[in-house]
Amino acid sequence: MKAGKLFENALKKAEIDLNDGDELNVKVKKKGRHLELIVDNSALPPFEHEILNRSRQITSPAKPYKPNLSTGERIRSLRKMASISLSALAEKTGISKGSLGSIENEERPAGLSTLKRIAEALKVNISVLLN
């Protein structure tokens, strides 16, 4: 990935929108294996300054809400965001890997008790899985 795209993604994550002609002074500091983006926010409006400060306090990425996904797509999306394999989810829920795959692919519907077990394994409220 090119440096420009990485920087653009970092700004999006920090919720900083730049318009044509806007300037933003930044420094990049190496911290172990990671780089830290240090923004000179003296030119930022107070609202953007507050957003930047809040983004530094986030310990884990927020899970995006995706309203147009089917139940199976939501399960797959949440499973992947949690970095859980289909096999691991099958083990946690006691549901076969084939059945979970069929549910994710919308080949068969999932009952409420099945959705409850999946939600518990993914550590989300069952309402997140329902349409």
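Bear in mind these aren't lab numbers, they're just calculated from the coordinates by the rules spelled out. Given the structure is predicted, the values throughout are model-derived calculations rather than measurements.
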Of the listed pairs Lys30/Lys80; Lys92/Lys123; Lys31/Lys123, those with alpha carbons more than 21 Å apart are Lys30/Lys80; Lys31/Lys123
For region 71-128, the Cα gyration tensor yields equivalent-ellipsoid semi-axes (√(5λ), largest first, whole Å) of 14, 13, 11
